[in-house]
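Each remark here refers to the structure printed beneath this line.
The values are calculated or read from the model by the stated rules, or taken from the named source; none is laboratory data. The model shown is predicted, which means the values in this text are computed figures rather than measured ones. Methodologically, a virtual Cβ is constructed for each residue, glycine included, from the backbone with ideal geometry; neighbour enumeration extends over all protein chains shown.
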Amino acid sequence: MGTAPQPGLHVVNHPLIQHKLTQMRRKETPSPTFRQLLTETSLLLAYEVTRELALDQVRVETPLVSMEAPQLVDVPVVVSILRAGNGLLEGVLQVLPEARVGHVGLYRDHETLEAVEYYCKFPPLADRMVILVDPMLATGNSATAALDRVKAESPAAIRFLCLLAAPEGVAAVHAAHPDVAVWTAAVDECLNEVGYILPGLGDAGDRIYGTT
Ligand code: URA
């Protein structure tokens, strides 16, 4: 599947992530297991997406001596695209428990596949790094709309974190937001005629929450 190196696209092919993704793709994987696997995978993906965060040296007193030790300059803000983004949020917050969290609610109009906003609440984003999370980067319409919303708040940088991407979605995000790098566990083959990723894993929101 299309994983050739591409600027602004990071495919995290760690064996644990790939193994868990395969279990999530299986149609017989029940919702509680899917949710648990997604949390575990997002924790591992968060580790990669934060790999190059800036560190400062700060003085700390250990029980024995004083030393200069590294500390994050800034904790990124995590913004979840509702509702499926919350499935990724869980694991990301396990490695970034101090992160402040924003939500943007977008649904896909099933006729036009366009993103329609129904909710938006952000902590201050100006000059902060934002990690925008949504498990599925399909047409790129929701991602692009959410990125427009986030960018209006003047963040310092934005990274888009997903579980699965379609080539069409990556291209759409990079066309509209060339400065936003995408992190994903896999880039699948294509979209079907109703905008689902193939081979994919079905509707991520339904699989997380047991709806149909
Ligand atoms: N959203 C999903 O949940 N699954 C897809 O395949 C595409 C968009």
ask   = Does at least one position in segment 192-208 carry a residue that is surrounded by fewer than 23 Cβ atoms within 10 Å (Cβ to Cβ), more than 14 Å from the ligand (Cβ to nearest atom) and more than 17 Å from the chain's Cα centre (by Cα)?
value = no
inquiry  = Please verify whether Ala152 is away from the ligand (no atom under 16 Å from the Cβ) and surrounded by fewer than 18 Cβ atoms within 10 Å (Cβ to Cβ), treating the condition exactly as stated.
reply    = yes
message = Of the residues Thr33, Thr41, Thr22, only one is in contact with a helix residue (DSSP H, G or I) (Cβ under 8 Å, 6 or more places away or on another chain), surrounded by fewer than 20 Cβ atoms within 10 Å (Cβ to Cβ), under 21 Å from Cys162 (Cα atoms) and of a type outside the set (Gly, Ala, Ser); which?
response = Thr33
request  = Please indicate, with yes or no, whether at least one residue in segment 184-191 is within 14 Å of the ligand (Cβ to nearest atom) and within 15 Å of Leu113 (Cβ to Cβ).
outcome  = yes
Subset of segment 89-112 that is part of a helix (DSSP H, G or I) and farther than 20 Å from Arg128 by Cα - its residue that is modelled with the highest pLDDT = Gly91
key: Filter result (within 16 Å of the ligand (Cβ to nearest atom) and modelled with pLDDT of 95 or more) within segment 116-138   = Leu132, Val133, Asp134, Pro135, Met136, Leu137, Ala138
note = Taking first residues from segment 181-197 that are within 26 Å of Lys151 (Cα to Cα) and second residues anywhere that are near the ligand (Cβ under 8 Å from one of its atoms) and charged (D, E, K, R), the pairs with Cβ under 8 Å that are 6 or more apart or on different chains are Gly195/Arg108
query = Of everything in segment 66-109 that's over 17 Å from Leu44 (Cβ atoms), hydrophobic (A, V, I, L, M, F, W, C) and within 16 Å of the ligand (Cβ to nearest atom), which residue is surrounded by the most Cβ atoms within 10 Å (Cβ to Cβ)?
reply = Ile81
task = Using the structure shown, decide if Pro135 is out of contact with any Asp or Glu (no Cβ under 8 Å at 6 or more places or on another chain), in contact (Cβ under 8 Å) with a residue 40 or more places away in the chain and under 21 Å from Asn192 (Cβ atoms).
result = yes
